[in-house]
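What follows is a single structure, written as structure tokens, with notes after it.
Read the figures in this text as sums done on the coordinates, not as results from a lab. Please read all numbers here as calculations on a predicted model, not as lab measurements. Every residue, glycine as well, gets a Cβ built from its backbone with ideal geometry; the counts of neighbours run over all protein chains shown.
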Amino acid sequence: METIQSITEKTKALFSGVNTADFTEQAKGAMEKSAKMVEDMTAFGKGNIEAIVESSKIAAKNVEALGHEAADYAKTSFASATEAAKTLAAAKSPTEFMKLQGDFARTAFDTMIAESSRSTERMLKMFGEFAQPISNRVAIATDKMKISA
């Protein structure tokens, strides 16, 4: 079994040609570089999480607005249908009934198409707003990759 003194002598012999000041300086530089990389990675990860949170807030706000708009449309449609039913019930002839029903159907269809268009535009806008914070983070990541390459 080797003694501590023997191990110490072997270690000294191994490092005898090494300038300890240079070695210490290199180790210090490597540690600082590693610490900076960890700091940068942490900051980048934090930015990513903040972007996801921001996207979630935007999505929640827009989904809530879409829900309100859908509820308003349903309420308006129900009121229109109720009014149309009263008008149809008051028709004095089958010809008048058919004309009133055709008018109601045309109006309901036009209103539905307009509402669908509004909803589609709103959703496209929502997806653009929702994706923007994440898109910004992707751009930052791409820039960092270009710099490091």
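Largest GNM mean-square fluctuation among Thr120, Thr11, Thr82, using the chain with Cα springs under 10 Å: Thr11. Positive end of the dipole of region 4-149 (Cβ unit charges, origin at the Cα centre): among Thr120, Thr8, Leu100, the Cα lying farthest that way belongs to Thr8. Model label points for Ala21 and Ala81, set 7 angstrom from Cα along the Cα-to-Cβ axis, are 9.0 nm apart. With contacts taken as Cα pairs under 8 Å at a separation of at least 6 residues, the chain carries a relative contact order of 40 percent.
Over all pairs of distinct alpha carbons, what does the Kirkwood formula give as the hydrodynamic radius of region 59-149, in Å? Please report the intermediate quantities before stating the final value.
Values: mean 1/r = 0.0594 Å⁻¹.
That comes to 16.8 Å for region 59-149.
Do the sum for the chain: with -39,500 (n - 2.57) for every DSSP H run of n ≥ 4, divided by all residues, what is the mean residue ellipticity at 222 nm, to the nearest 500 deg cm²/dmol? Roughly -34000 deg cm²/dmol at 222 nm, from the helical runs in the chain. Rounded to the nearest 20, the Cβ-based charge dipole of region 69-149 about its Cα centre (Lys and Arg +1, Asp and Glu -1) stands at 240 debye. Spin-label model, His68/Met98: points 7 Å from Cα along the beta carbon direction are separated by 4.5 nm.
Within the shell defined by Cβ-Cβ distances under 13 Å, the residues around Glu115 carry a net charge of -1, with Lys and Arg each +1 and Asp and Glu each -1. Placing unit charges on each Cβ (+1 for Lys and Arg, -1 for Asp and Glu) gives the chain a dipole about its Cα centre, and among Phe78, Gln132, Asn48 the Cα reaching farthest toward its positive end belongs to Phe78.
For the pair region 33-54 and region 61-101, the centres of their Cα atoms are 53 angstrom apart. Computed from the Cβ-Cβ distance with R0 of 30 Å, the FRET efficiency linking Ile52 to Arg118 stands at 0.60.
Which residues does a label at Gln132 reach in region 36-54, if reach means a backbone N under 17 Å from a point 7 Å past the Cα toward the Cβ? Label zone hits: 50-54.
How far, in nm, would the chain grow between Ile140 and Lys125 when pulled straight, counting 0.36 nm per residue and subtracting the alpha carbon separation?
Working: separation 15, 0.36 × 15 = 5.40 nm, distance 2.29 nm.
Result for the pair: 3.1 nm of gain on full extension.
Among Ala131, Ala91, Ala51, the largest mean-square fluctuation in a Gaussian network model of the chain (Cα springs under 10 Å) belongs to Ala91.
Between Ala105 and Lys28, the contour length at 0.36 nm per residue exceeds the alpha carbon distance by 19.7 nm. Which one, Asn48, Asn62, Asn136, has the greatest fluctuation when you compute a Gaussian network model over the chain with C-alpha springs under 10 angstrom? Of Asn48, Asn62, Asn136, the Gaussian network model singles out Asn136 as fluctuating most.
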